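One structure is given below, encoded as structure tokens.
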Amino acid sequence: MRDTQLERLQAATYDVLIVGGGINGAVSAAALAGRGIRVALVDRGDFAGQTSQASSNLAWGGFKYLESGEIGLVRDLCRSRNRLMAAYPSSVREIRHLTLIERKFRWHPFLLYLGALIYWVIGSGYTRRPAYHTIKRLREEEPVVDTTHGWGGMEHSESQIVDNDARFVFRFVRSALDDGAACANYVEAVGATRDADGWAVELRDVRSGRTWTTRARVLINACGPFADRFNAAIGHETDYRHALSKGTHIIVERLTPNRRVLSFFTDDGRPFFATPMGHRTVIGTTDTEIDGPIGTVNDDDRRYLLDNVNKRLKLDAPLTEEDILSERVGVRPLAVEKGVQLETVDWLKLSRKHVIETHVDQGIVTIFGGKLTDCLNVGDEVVDAVAEIGVSAPPAECAWYGEPGPAERRSFFRQARALGLDRDDDGAGASTAARIWRRHGRHAFVILDRIRRDASKGERLMREPPYTIAELEQMAQGDMIVTLEDFLRRRTELAMMHDHGTLAADRGLWRACCILFGDSAEERWRAYFDQPPPGQLAASVA
């Protein structure tokens, strides 16, 4: 797949070239390709390889922005959340947030409950109604929560991405590919110049070092926290810029059997969550000002997260660094006007709103800020922005986003049932068939065909989750997996659910690596784990 896309990038002129394959770039490509516009998408790393792989896996309407009076932003985010839930019912599902309010907090719990009611109304009552909880009720609902210093609490609904966020982003890349876009990861834009015919962008294949020039009428900068650097490199001036915030999460064994988000406010008033992820719990997040677009997890981050969760939960033993299975860190780009001095504003109150800045005379669009929740709006607005420049889309015949319809879903599960895939549990309460449908959409039918032709392709190579040979073969052909990290961290959530040593000793994972990479499997394995594969299995397993 990737080789084919590289050839297409070198052989055509496009209406639009998008630089940056995070959520903003991916939805832009899907929206444009879905409207019949010739579009190309490149990323110098893997798709969703930076900020978009390090979210809280939540699509939420911005409850906290009520306090700063950003009602319009809250309304827009709630509508966006509702659209995502309606369009992707298998992948974006409602989840309850149980919030403990401590006595010293600035708002009484009942006032926060009233705020939650207002929030629910703003969100068109799309989710379950909020509930007010006394301390006694909180103890009954979640015994793991330490209510010693509690004042009361509430419960309200948001939504959660069932699989990892990066996999959800790739869904839009896959949609763009299906609609004719040219998309390639590990392709860097090393320069761009504009002439009377549009943009000439010099691209470089990071893997081989080969360079070429691709032309496009419109250039879209969707580089996330790197957007300012890219604009500076090509000499483009904008009215907005980014302030950067580092968000860190740690992942530990499941802390409660209940599938709800435990929500708190830290001593400095910041929201803080313990969120279920399969049979694990994600703890976070930090919110730290940072100078550059690359963030790393340090001892202060770990201490902040562990201290806060240990203080607010009654665990058999306090969590320590030894309990951390994996870590994730991303740099959030926050859109601010260039004239604003951050020293004069409450930096922690900067919102995650997006701004699409269009320069018609230069044929360039820059996407500032944004979050996964608002991605469908970003896609629609980008279509409008390129139309303003002169690249108009034909009338839409159908929505450019969303899962296949109910009829296709029923057909898939009927066929999967006949193959016995509805009885296998994936460790999170869903069948193998449900997981395949959720992750692959209409391409799930190809996986069924593989198993139908050869029943051995339905063999599961790993227990958690039970990936089948057929699914791995489909991913090898269609998911543009270049490195083992791409597979473990972004096309799946394996690297977040298991520690490094456990994965390195997994013979099922080695077999999966052979399917994904064939003759180069051992090379890719050693590049990631820095050790030989487990056992004596040879690459011929593939």
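At least 3 residues that are more than 22 Å from T51 (Cβ to Cβ) in each: list the strands (runs of 3 or more DSSP E) lying fully within the range 251-322 that qualify.
Of the strands (runs of 3 or more DSSP E) lying wholly inside the range 251-322, those with at least 3 residues that are more than 22 Å from T51 (Cβ to Cβ) span 261-265.
Would you confirm, using the coordinates I've provided, whether G49 is within 30 Å of G191 (Cα to Cα), under 15 Å from the mean Cα position of the chain (by Cα) and not in a helix (DSSP H, G or I)?
On the way: within 30 Å of G191 (Cα to Cα): yes; under 15 Å from the mean Cα position of the chain (by Cα): yes; not in a helix (DSSP H, G or I): yes.
Answer is yes for this residue.
Tell me, which residue of the range 1-53 that is among the polar types (S, T, N, Q) and closer than 19 Å to I364 by Cα is surrounded by the fewest Cβ atoms within 10 Å (Cβ to Cβ)?
Of the residues in the range 1-53, the ones among the polar types (S, T, N, Q) are 4-5, 10, 13, 24, 28, 50-53.
Next, from what is left, pick out any that are closer than 19 Å to I364 by Cα: 13, 24, 28.
Values: T13: 14, N24: 34, S28: 32.
So the residue we want is T13.
Checking D197 against (1) at pLDDT 95 or above; (2) not assigned by TED's automatic domain parsing to the domain that holds F264, which single condition isn't satisfied?
It is condition (1) that D197 fails.
Inside the range 449-542, counting only helices (runs of 4 or more DSSP H) that do not spill past its ends, which hold 3 or more residues that are free of Cβ contacts under 8 Å to residues at least 40 places away in the same chain?
In the range 449-542, the matching helices (runs of 4 or more DSSP H) lie at 469-478, 500-504, 507-517, 521-529.
Mind checking which pairs have a first residue in the range 274-299 that is without any contact (Cβ under 8 Å) to a residue 24 or more places away in the chain and more than 16 Å from L244 (Cβ to Cβ) and a second that is among the charged types (D, E, K, R) and outside any loop (DSSP other than H, G, I, E, B), Cβ under 9 Å, 6 or more apart or different chains?
Matching pairs, first to second residue: D299/E321.
Listed here are the residues, each with its yes/no results for (1) aliphatic (A, V, I, L, M); (2) farther than 22 Å from V482 by Cα.
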position	(1), (2)
Q10	no, no
I37	yes, yes
T51	no, no
S68	no, yes
R93	no, yes
L100	yes, yes
K104	no, yes
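Condition test on G224, is it at positive phi and surrounded by 23 or more Cβ atoms within 10 Å (Cβ to Cβ)? Before the answer, list the steps.
On the way: at positive phi: yes; surrounded by 23 or more Cβ atoms within 10 Å (Cβ to Cβ): yes.
Answer is yes for this residue.
Looking for whichever is of a type in the set (S, T, Y) and out of contact with any helix residue (DSSP H, G or I) (no Cβ under 9 Å at 6 or more places or on another chain) here; the options are T238, T214, T256. Which one fits? Working first, answer last.
Working: T238 fails: out of contact with any helix residue (DSSP H, G or I) (no Cβ under 9 Å at 6 or more places or on another chain); T214 fails: out of contact with any helix residue (DSSP H, G or I) (no Cβ under 9 Å at 6 or more places or on another chain).
On inspection, the qualifying residue turns out to be T256.
Would you check if L334 is on the phi < 0 side of the Ramachandran plot, assigned to a loop (DSSP other than H, G, I, E, B) and either at pLDDT 95 or above or in contact with a Lys or Arg (Cβ under 9 Å, 6 or more places away or on another chain) (or both)?
Working: on the phi < 0 side of the Ramachandran plot: yes; assigned to a loop (DSSP other than H, G, I, E, B): no; either at pLDDT 95 or above or in contact with a Lys or Arg (Cβ under 9 Å, 6 or more places away or on another chain) (or both): yes.
Spelling it out, it is not the case that L334 is on the phi < 0 side of the Ramachandran plot, assigned to a loop (DSSP other than H, G, I, E, B) and either at pLDDT 95 or above or in contact with a Lys or Arg (Cβ under 9 Å, 6 or more places away or on another chain) (or both).
Taking S124 and the conditions (1) under 29 Å from N221 (Cα atoms); (2) modelled with pLDDT of 95 or more; (3) polar (S, T, N, Q), which numbered condition does it fall short on, given that it satisfies the others?
Answer for S124: the failing condition is (1).
Starting from residues that are touching a strand residue (DSSP E or B) at 6+ places or on another chain (Cβ under 6 Å) and surrounded by fewer than 23 Cβ atoms within 10 Å (Cβ to Cβ), keep the ones in the range 185-198 and report whichever is nearest to V482 (Cα to Cα). I'd like the intermediate steps shown before the answer.
The initial filter retains those residues of the range 185-198 that are touching a strand residue (DSSP E or B) at 6+ places or on another chain (Cβ under 6 Å), namely 185, 187-193, 198.
Imposing the further condition that a residue be surrounded by fewer than 23 Cβ atoms within 10 Å (Cβ to Cβ) reduces the set to 188, 190-191, 193, 198.
Working: E188: 15, V190: 21, G191: 24, T193: 29, G198: 31 Å.
Ranking the candidates gives E188 first.
Within 19 Å of I481 (Cα to Cα) and of a type in the set (A, V, I, L, M): does that describe L58? Don't jump to the end; show me each part of the working.
On the way: within 19 Å of I481 (Cα to Cα): no; of a type in the set (A, V, I, L, M): yes.
Considered against the rule, which asks whether it is within 19 Å of I481 (Cα to Cα) and of a type in the set (A, V, I, L, M), L58 comes out as no.
The values are calculated or read from the model by the stated rules, or taken from the named source; none is laboratory data. This one's a predicted model, so the numbers in the text were calculated from it and none came from an experiment. FYI the Cβ positions are ideal-geometry reconstructions off the backbone, even for glycines, and counts take in every protein chain you see.
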